[in-house]
1. Could you please give the count of residues in segment 820-841 that are of a type outside the set (Ser, Thr, Tyr) and surrounded by fewer than 17 Cβ atoms within 10 Å (Cβ to Cβ)?
2. Residues to consider are 669, 762; find the one that is touching a residue at least 40 places away in the same chain (Cβ under 8 Å) and more than 38 Å from the chain's Cα centre (by Cα).
3. Against the condition in a strand (DSSP E or B), under 20 Å from residue 680 (Cβ atoms) and β-branched (Val, Ile, Thr), how does residue 653 come out, does it pass?
4. Tell me which residues, restricted to segment 705-743, are surrounded by fewer than 20 Cβ atoms within 10 Å (Cβ to Cβ) and touching a Lys or Arg at 6+ places or on another chain (Cβ under 7 Å).
5. When you look at residue 784, is it in contact with a Ser or Thr (Cβ under 7 Å, 6 or more places away or on another chain), more than 16 Å from the ligand (Cβ to nearest atom) and at negative phi, yes or no?
6. Name the pairs whose Cβ atoms lie under 6 Å apart, with the first residue in segment 558-580 and over 14 Å from residue 526 (Cα atoms), the second hydrophobic (A, V, I, L, M, F, W, C) and assigned to a loop (DSSP other than H, G, I, E, B), and 6 or more positions between them or separate chains?
7. Step by step: first the residues of segment 556-584, then only those that are assigned to a loop (DSSP other than H, G, I, E, B) and among the β-branched types (Val, Ile, Thr), then the one that is farthest from residue 718 (Cα to Cα). Which residue is that?
8. Based on what the data block shows, is residue 733 within 11 Å of the ligand (Cβ to nearest atom) and within 20 Å of residue 507 (Cβ to Cβ)?
Amino acid sequence: MKLTCTPARLRYTLDMISLYDILKAANGQLFGEPSSHLFAKFCFDVRDVTPSSLFVAMRNQRGDSHADIPEAIQRGVKGIVCHGPPEVDTSGVTVLMVNDSVDALMAWSRYVLAKYQVRTIAVGGTSGKSVTLAALHKLLATRYKVHCGDLDDEGLLSLPVSLAALEPHHQLVLLKFDVTQPGDMHQLVQATQPDVAIIDHLDVAHTLSFSDHDQYVDEQRTLARALPADGLLVLNNDDEAVRTLASVSLATVQTIGIIQQDSDLLASNVTLAPHRTVFDVRWGDERYQMCTVQLLGEHVLYGALAALLVGIHFAVPLSESLKLLAQLEALPGRMRPMRSKTGALLIDDTYRAHTASALAALDWLEQVRGGFRRVICILGEMERGSQRQQQGYRAVGRRVAQVADAFLTLGADAAQAARSAIDHDMPEHAIRMFYNPAEISAILERLDLGTDDIVLLKGGNRSLRTVVRDLLSTPNDARLLLRQTPTIPLARIQLRPTWLELDSDALAQNVRTIKALLGRDKTLMTVVKADGYGHGALMVARVALVNGADYLAVANLGEALQLREVGIQAPILVLSYLPPPMARQAMQQHLSVAVFDLEQARAYERIARDVEGKLVCHVKIDTGMGRLGIPAANAIQTFRHLLALKNLHIEGIYTHFSSADDNAPYTEQQVDSFKSIVRALRAASIHFQYVHAANSAGSLLVDDPMFNMARVGLMTYGLRPSRLREMPESIKPVMTWKTTVLQVRQFPPNSPIGYGNSYITQGQETIAILPVGYADGLRRAPHTWREVLIHGVRAPLVGRVSMEKCAINVSHIPNVAVGDEVVLLGQQGEDSISAEEIATWLGTINYEVVTTILPRQMR
Ligand SMILES: *Cc1c(COP(=O)(O)O)cnc(C)c1O
């Protein structure tokens, strides 16, 4: 089997990147004598370096790849593009310095396109761009010398990467215009000045960098507007947002459609089958019946239809194009049919995923499922969009419940879809959530897949691709899979100085471990107050709910509303005081509230009666914490009054331990006091749905059948709650706090460092400055964060912590460079700094360490 559009990097190419072109185009500057003048490709990752490549160093999110220059030279690279003079011996290597590597490569792209006078055809829009590109290539290569961009590369840099293989005889270049943030399209059209463009889907604002859908559509508008009057713009008439682009373009606009009958090129009678799609075509007076493509799904058909119109524009007759299209095979990872070892039909749709493309794949599955005994759907992660992401997973889960017999999910996010499928009446035994691809492969092995089974694999995570690989009939098929590693660093390169990394898989594992510890019969209430102990309440709530939590707890109404706003429907208990006027909102939002005082309860009762509602309450008993709660001694009497309040629904009763972390006998007393109250109430026929006492430490210490719920916070986040008991081993910390080195300097002895000259260097010292300070939550006084990790080694903080900066002594660590990653909390290499250790430095507890890392940190 042959791919129609070979990735550029696999093909023999002339050495096409000329040093002088970059110099001219990008206003670059040579550092020393150039040795090589021509290069075969750009390379961004030092591990991919070959002698003929030009290594492009840049600043990116993980640091600065300038630090990799020595390694690139060691690996034999002959050319380097960088921002400043390298600090290593570069003899024998061509070094080109530019202001900004990305801008330089874009300028070079523009330069070579003009130099060879090639015309550009741009494929924009959200999804299906690669298939469109492949179809265009198939049709246009019959008449022209066509250069086609790499189908799997993504982002702005895919432009220079594909142009590296451009040859002087090429007449047309076909490119995906992949935008990941506002302004990308402007750069792309500036560099390429396309004549022809196709836009067929505008599904979602598909990255976090766009504020909303409109901003994303705006990017596409930039493309439509850039076309010249003698150009062509092909639009999908069935997509409302796409249709609006017609009015902004000077070029001739032609439309494709399956639904809209007034489309210039109309496909009708579309029949979806497991290996092909059949349809009729109408174009002016021309009519063709029973045309076939080997592409699956209506959503994929649009790309093929668009290519037909471009073909006509370039004088390839429709009748001929249709024959060519029939030969086009599905691309790796895009609804590509394959055979499993045991003969089942696999649909590999693991290139990229978002809600719209997942729903489209399921629509297709619904159409073809009739011919199969079992329909199995495997869902991985979808691209992170906006907050609507959760709704996306829910929508996909609902659809899966309608079309599949079995549903397997991979990863913490995808598990939300599994939960939604359960809510939509898919039997629970048909659904499994996984976090490890090997487990999925093992389960599928046991399912004994046969020729009458169909498996759809949808999701963008690489690990899902290993499941496809494991399923295939011969290792040889594996070359038809997507490659595992991108050549281009994703998105636009940005310096992100300080950030938190949250391990949602560890979180999922922790919640499942806690649930197992409590046992099946106990309800797990996950405590997500204080923005999920600083981890981000939304993420924590979502992951917890699909991994065994049934109830959430927050401190106040505001926190609860944030969860409701994003569609979280699980019951939520508000632990702190809810002012009575807000009881109305609590009822509307189905929140439950803590009651610890009779007067408070009466105030709630009045509000609830006014609106003829019922407020759900958990009554808190103080058994020795000495904070909120009804004193144990008055409990029985108070309950007589509480029960008379008919508009309160008392769902639970609870108490809180004051020292479950270090005082077992005292906790025992609290348990006894609480139990005697519950027993007395039971004797008076007063029962509660939930009886609860334990927090994290308590749930390790106390296991009493009277309690059927635990309120667990700390341990959820992988933090140690107790000196008395070990946590289960599978509990792992979720949070890592990182920053990068901003500057490295050598100081002679006796140099003061920082405000107040509180630190004076002793000998010759190397000091690194970090862009993090007390305004980020890195405590200044009375005690500081003592150490950080860099290159896997501990380095001490020196001098005072400033608002935005601090200094570390790295004299004992060789080769520390600007951009190096620094770990403030978490693991690096063999060593790790735990919240517990930091707590001893600061004189506090691990709770305070994580909750005082301020919200301005990117999570
Ligand atoms: C915060 C809180 C918890 C959770 O405690 P952890 O020690 O973090 O598990 C439980 N109950 C109440 C009332 C709380 O305020």
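1. Going through segment 820-841 one residue at a time, the tally reaches 8.
2. Matching residue, one of 669, 762: 669.
3. Considered against the rule, which asks whether it is in a strand (DSSP E or B), under 20 Å from residue 680 (Cβ atoms) and β-branched (Val, Ile, Thr), residue 653 comes out as yes.
4. 706, 708
5. No: the conditions fail for residue 784.
6. These pairs meet every condition: 576/555.
7. Restricting to residues being assigned to a loop (DSSP other than H, G, I, E, B) and among the β-branched types (Val, Ile, Thr), the top hit is 566.
8. Judged against the criteria, residue 733 is not a match.
Each value in this text was obtained by applying a stated rule to the coordinates, not by laboratory testing. The model shown is predicted, which means the values in this text are computed figures rather than measured ones. When we count neighbours, we look across all protein chains shown, and the Cβ atoms used for this are built from the backbone with ideal geometry, even at glycine.
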